[in-house]
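Read the structure below first, then the notes.
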Amino acid sequence: MHSEHIILDGKKLAIQLQNILAKEIARLPASPTLAVVVIGDNPASAIYVRNKEKAAQKVGIKCIVLKFAEDITQQELEIQIKQLNLSNEINGIIIQQPVPQHLDILKLLTLIHPQKDVDGFSPLNLGLLTMGDTQAIKAATPKGIMRLLQETGISLSGKNAIVIGRSNIVGKPMAQMLLQADCTVTIAHSKTQNLYLLVKQADIVVAACGVPYLVKADWIKNGAIVIDVGINKINGKLCGDVDFEAVKNKVSYITPVPGGVGPMTVTMLLQNTYEAFIRQNCKQ
């Protein structure tokens, strides 16, 4: 099972989806606008923000990057977010994470107007997702993963899925979306015992824990679908949470790192911004 069909090419799919999105945005009376709030000078964040700006420009979304000093106070930042909430020009607001330690990120996310929360991280959107409400804005990475899984053409109903990682950004919303697709879902994390035994039973493995090469070939059930969300650097080279070279011969589908989940995350963020614009401008 070594043929190329097993690679789930997120980069290629992202380009296709962005082309469709660009056409839809071109028909709008105005450009949707995304505000990206950046605090301090995190070099990794700077790269992510640049990627978002480039992709936004490509599809016709206006991207405004608001940079604030590392030592901005919670109160000052809350005032800024409230102003973005009130502005009719702004359709989506995201806070680039991680933020400096003195800031209360949960409070900041709670403050973003739920209809402008295009990252899908506010408690309201996460809560609506848990309750199966279709109005929920879905977190971009899990939403992108669901779209990649759709590409396989395999029915997810009744499949055993394991999500390794329990973050609010990926792990928890991912588990909810898989549940809604009728999977039986296990959430594993750093305290999970005998993780490999749980992974061995899974038809779908989503690795999102930030541990390089954690998932080994002998953990994987033959024919499983493996989604690698990890972005780690070893000796200057990017790698995932899955030992790709060893695992790829056992799976039916696998995402590469880079070029798998990453481009889909950015694309779903843009799609969420477009959908937010539509909701805000077309009074139901």
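Only the coordinates and a few stated rules stand behind these numbers; no lab work does. Just so it is clear, the model here is predicted, and its values are computed rather than measured. Cβ: placed from backbone, ideal geometry, glycine included. Neighbour counts: every protein chain shown.
Data overview
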read-out	value
For the chain, with +1 on Lys and Arg beta carbons and -1 on Asp and Glu, the positive-most of 210, 42, 60 along the dipole	60
Neighbourhood net charge (15 Å Cβ-Cβ; Lys/Arg +1, Asp/Glu -1) for residue 64	+4
Size of electric dipole in the chain: Cβ of Lys, Arg +1 and of Asp, Glu -1, about Cα centre, debye, nearest 20	420 debye
Virtual paramagnetic centre 7 Å along Cα→Cβ of residue 107, amide N under 19 Å, in the range 45-82	68-82
Efficiency of FRET between residue 278 and residue 16 - r from beta-carbon atoms, R0 25 angstrom, step 0.05	0.75
Gain on full stretching of the segment that runs from residue 79 to residue 235 - 0.36 nm per residue minus C-alpha separation	52.0 nm
Förster-model FRET efficiency, 25 Å R0, residue 191 and residue 216, C-beta, rounded to 0.05	0.80
Pairs from 82/191; 11/221; 58/248; 159/233 whose Cα-Cα separation, in the structure shown, is over 30 Å	82/191; 58/248; 159/233
Built amide H within the under 5 Å cut-off of residue 192, gap 5+	none
Sequence-distant residues sharing a close amide H with residue 64 (under 5 Å, placed H)	34, 35, 36
Only Lys, Arg (+1) and Asp, Glu (-1) charged, at Cβ; the range 139-262 dipole about Cα centre in debye	200 debye
